[in-house]
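Just below is one structure, and these are the notes that go with it.
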Amino acid sequence: MDLEAYFKKQSGKIDAALTARLPRPGDAPAELSRAMRYAVLSGGKRIRPVFTLAACEAVGGREKDVMDAACALEMIHSYSLVHDDLPCMDNDLVRRGKPSCHAKFGEVTALLAGDALLTRAFGVLSASDGGGTPPERKKLTVLHWIAEAVGHRGMVGGQALDMQYQDRELDLPTVEYINTHKSGALIAVSLRAGAFLGGGTPAQVESLYRYGKAVGLLFQLTDDIMDGQGYAKVIGLRDARQEASRLAVTAKKALAPLRSRAKTLSAIADFVASRKN
Ligand code: GRG
């Protein structure tokens, strides 16, 4: 399967949908709007929204039912990167080969752009289309799942522990907690939301959520392998590579009940396991 072409096609649709949901000139102070758009629209692999769309496809759902959630998840991801780059966190001046948001707009605007993107994500998720598609009840469930995945019991909790361990030696339980929460939870919920809003049965949603948890961990693990940090440092590069293969197998096994409908997701698991960026 030509995954490169698939990502290109899906990213094009996602970028158009994101652009439509971001502030326009006049909606907000100009510099804030510019920083929000810059943070979201300056590249990025769009892996989380691609997962949401692919999970929807795997259960035979309609793309229009999951596009808001896909965009909200990418906005949350973008906010996390803006804040992660700030001087008080990782202090990174470059993101995606360009100046990071605070390097370009200053700390105050970058901090607020991150806040506004997180808030906008929940605005997009809860917006009513008037036609009741998907039903409000389902949207509320997804709102709850996403809030849990990115708050103190999810991404923010993982980031908090990661920050605490900046100058301390990591042990296995700590690095597992960090990886599962800091980056795994958002990826896992991207699949869970796509499957659920796409109309999957409870068993299908559960299968895709299990896939999401494995592939979310795999994504962070391959990042650790690429930079020799985190998990790779704790257990060693060779064992980390073995763990990556094991996670790819776990992820693909979770797709078994979906059979050929999940072939894209199966190919993405292999792609993540062998990724170089
Ligand atoms: C600030 C609350 C808060 C959380 C930050 C995800 C995160 C939490 C920080 C990013 C740190 C980092 C570089 C982790 C490695 C894995 C990862 C999430 C990389 C960035 O995601 P990609 O590769 O980025 O999907 P693109 O640019 O493709 O969107």
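Once divided by 2.2 N^0.38 Å, the Cα radius of gyration of segment 110-189 becomes 1.35. Heavy-atom accessible surface of the chain, averaged per residue, reaches 47 Å², computed with a 1.4 Å probe.
On full extension of the chain, what length is gained from Thr133 through Asp2, given 0.36 nm per residue of separation minus the C-alpha to C-alpha distance? If you can, show how the numbers build up before the last one.
Working: separation 131, 0.36 × 131 = 47.16 nm, distance 3.18 nm.
Length difference between fully extended and current span is 44.0 nm.
Between Phe122 and Ser260, the contour length at 0.36 nm per residue exceeds the alpha carbon distance by 46.3 nm. Of all lysines in the structure, those lying under 25 Å Cα to Cα from Lys253, and not within fewer than 8 positions of it along the same chain, are Lys45, Lys182, Lys213, Lys263, Lys276. Carbon-plus-sulfur accessible fraction, the chain (probe radius 1.4 Å, protein heavy atoms only): 54%.
Placing a pseudo-label 7 Å from each Cα along the Cα-to-Cβ vector at Glu176 and Asp239 gives an inter-label distance of 1.2 nm.
Kirkwood's formula applied to the C-alpha pairs of segment 57-102 gives a hydrodynamic radius of 12.4 angstrom.
Regarding segment 69-140, what's the average projected area of the Cα-atom convex hull, expressed in nm²?
In nm², the orientation-averaged hull projection of segment 69-140 is 5.3.
Two numbers describe the Cα atoms of segment 128-277: Rg and Dmax, which are 16.5, 53 Å. The per residue volume of the convex hull around the alpha-carbon atoms of segment 140-226 is 83 Å³.
Please compute the Kirkwood hydrodynamic radius of segment 1-71 from all pairs of different C-alpha atoms, in Å with one decimal. Show your work: numbers first, answer last.
On the way: mean 1/r = 0.0760 Å⁻¹.
By the Kirkwood definition, the hydrodynamic radius is 13.2 Å.
Given only helices, namely DSSP H runs of n ≥ 4 each adding -39500 (n - 2.57), what is the per-residue ellipticity at 222 nm of the chain, to the nearest 500 deg cm²/dmol? Don't skip to the answer; put the middle values down first.
Working: 14 runs with 193 residues, N = 277.
So the helix-based figure for the chain works out to -22500 deg cm²/dmol.
By the equivalent-ellipsoid construction on the alpha carbon gyration tensor, the chain comes out with semi-axes of 26, 26, 16 Å, ordered largest to smallest. The relative contact order of the chain, computed from alpha carbon pairs under 8 Å that lie at least 6 residues apart in sequence, is 20 percent. The value given for segment 39-181 is a Kirkwood hydrodynamic radius of 16.5 Å, derived from the mean inverse Cα-Cα separation.
The values are calculated or read from the model by the stated rules, or taken from the named source; none is laboratory data. Given the structure is predicted, the values throughout are model-derived calculations rather than measurements. FYI the Cβ positions are ideal-geometry reconstructions off the backbone, even for glycines, and counts take in every protein chain you see. Remember, those area values only see protein heavy atoms, side chains included, never the ligands or the DNA or RNA. Shrake-Rupley method; radii C 1.70, N 1.55, O 1.52, S 1.80 Å.
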